[in-house]
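The values are calculated or read from the model by the stated rules, or taken from the named source; none is laboratory data. Here the structure is a predicted model, which means the values were calculated and not measured. Glycine also receives a Cβ, built like all others from the backbone with ideal geometry; neighbour counts cover every protein chain displayed. Side chains included, ligands, DNA and RNA excluded: accessible areas come from the protein's heavy atoms. Shrake-Rupley method; radii C 1.70, N 1.55, O 1.52, S 1.80 Å.
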Amino acid sequence: MQTLKEQALAMQDELVALRRDFHMHPELGLREFRTASRIEEELDKLGVAHRRIGETGVWATIRGAGAGGGAVALRADIDALPICEKGGAPYRSQNEGVMHACGHDAHIACLLGAAKLLAGNRERFGGEARLAFQPAEEFGNTPPAFFAEGYLDGVRRVFGLHCAPDLLSDTVGLKPGPNNAGVDRFTITVHGASTHVATPHLGVDALYIGTQIVVALQAIATRRVDPVEPVILGVGTFHAGTTYNALAETAVLEGTTRTVTRETREKLRAQITALATETAKLYGGTAELFWDGIASPLVNDEKAAAEAAELTQANWPEKRVVTDRAISLTGDDFAEYILDVPGVYAYLGTGDPERPQTLHNIHSDDFDVDERALPLGAWLHAANAIRWLNEA
């Protein structure tokens, strides 16, 4: 793989130019029309076959000319955030109020770099590498559009990566097991009956029921879950009532759960649903629940993570591989790709102490990345794909 490493390092300027182009033209989820077209332009230059998934997703396929078969899947997310960029970089966003504040511009550049490496080394592998440029990761629950088209059919390994400002740019996080939380959003609508505040017995106070639900929810997190397992259960909005002197007819609560195992995720859903409906019933009302599954817990396959770590250490000994990075309770729908197919999500260090903005957390309005990490990101995609395809 040393030659592949040299090829990746030689792409530094090209990868920086790509990343900055995407950074200057960010687009929100499911509106990534320019982004998708630019990705296709670069793939056309490489002679790589591709097709659209939905309006803005791109699926590219690179077939090897060597022995072997099977398929490996690679993924990059492509959407930006509704954030007004504060930084003064010459490549700052030209779309006011929209910013690549999560590193997806770098993810696109890395996967396009991998496409070039794979297309230029077809004789070194058989089978096919599938590349997903996925829209709307910030919305969650968008990978099924790819799955419905057979993206994971016959795939033996999946690889993806994410920028990590908490890791320096000479570091890669390749942690086996749980890495990110499963994310769910819930909406609880409480139905009561309005009446004058002076005659509460003639109505059902949806606001009061809602407050009881909010308080009781915290007991689920503290009394129904193993205290050593990370869990978040939070209510972010609460709307009820129309005037100061009448009982509220309806109350609407919205919140989120963060869990790190499938089992706890399912349990929490059932417990919250039961708590809300039974509490409403106790005070004479009813409650409806709507669940939006944004992302499953992201759990790296232990064997795949070890393989990726071994490959990186063997070819980039000057880089540090971290296998014990702390679990993040943020979510990422890459988790859906590795629910049933062994895979690994790498965390590409992009922090540089000499450029403080690269140390700011994702979703910050002055977020940036150390672009010296881009060749390693491209190599990680391509090198793991080649290794796994040769083992098919």
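Taken over the range 122-151, the residue count meeting the criterion of being in contact with a strand residue (DSSP E or B) (Cβ under 6 Å, 6 or more places away or on another chain), of a type in the set (A, V, I, L, M) and either crowded, with 22+ Cβ neighbours inside 10 Å or modelled with pLDDT under 95 (or both) is 3. Quick check: anything in the range 161-183 over 23 Å from the mean Cα position of the chain (by Cα), open to solvent by less than 70 Å² (accessible area, probe 1.4 Å) and under 27 Å from Phe290 (Cβ atoms)? Taking every residue of the range 161-183 in turn, none turns out to be over 23 Å from the mean Cα position of the chain (by Cα), open to solvent by less than 70 Å² (accessible area, probe 1.4 Å) and under 27 Å from Phe290 (Cβ atoms). Scanning the range 45-60 for residues that are over 22 Å from the mean Cα position of the chain (by Cα) and under 21 Å from Trp379 (Cβ atoms) turns up Lys45, Leu46, Gly47, Val48. Scanning the range 22-44 for residues that are under 19 Å from His381 (Cβ atoms) and either surrounded by fewer than 20 Cβ atoms within 10 Å (Cβ to Cβ) or more than 21 Å from the chain's Cα centre (by Cα) (or both) turns up Arg38, Glu40, Glu42, Leu43. Open to solvent by 20 Å² or more (accessible area, probe 1.4 Å), polar (S, T, N, Q) and either free of Cβ contacts under 8 Å to residues at least 40 places away in the same chain or assigned to a loop (DSSP other than H, G, I, E, B) (or both): is that true of Thr277 in this structure? Taking the combined requirement at face value, the residue satisfies it.
The set of residues in the range 307-334 that are under 12 Å from Asn384 (Cβ atoms) and either in a strand (DSSP E or B) or open to solvent by less than 60 Å² (accessible area, probe 1.4 Å) (or both) comprises Glu307, Ala308, Ala309, Leu311, Thr312, Asn315. Given the condition modelled with pLDDT of 95 or more, farther than 26 Å from Leu298 by Cα and in contact with a helix residue (DSSP H, G or I) (Cβ under 7 Å, 6 or more places away or on another chain), answer yes or no: does some residue in the range 256-266 qualify? Checking the range 256-266: not a single residue is modelled with pLDDT of 95 or more, farther than 26 Å from Leu298 by Cα and in contact with a helix residue (DSSP H, G or I) (Cβ under 7 Å, 6 or more places away or on another chain). Kindly check whether there is at least one residue in the range 230-239 that is open to solvent by less than 20 Å² (accessible area, probe 1.4 Å) and at pLDDT 95 or above. Yes; the residues of the range 230-239 include at least one that is open to solvent by less than 20 Å² (accessible area, probe 1.4 Å) and at pLDDT 95 or above.
Please count how many residues of the range 131-159 are part of a helix (DSSP H, G or I) and either over 19 Å from Gly293 (Cβ atoms) or not small (Gly, Ala, Ser) (or both). Selection size over the range 131-159: 3. Going by the structure shown, is Thr195 open to solvent by less than 50 Å² (accessible area, probe 1.4 Å), of a type in the set (S, T, N, Q), closer than 29 Å to Val183 by Cβ and more than 27 Å from the chain's Cα centre (by Cα)? Spelling it out, it is not the case that Thr195 is open to solvent by less than 50 Å² (accessible area, probe 1.4 Å), of a type in the set (S, T, N, Q), closer than 29 Å to Val183 by Cβ and more than 27 Å from the chain's Cα centre (by Cα). For the range 65-82, taking the residues that are assigned to a loop (DSSP other than H, G, I, E, B) and open to solvent by less than 10 Å² (accessible area, probe 1.4 Å), the one that is farthest from His50 (Cα to Cα) is identified as Ala80.
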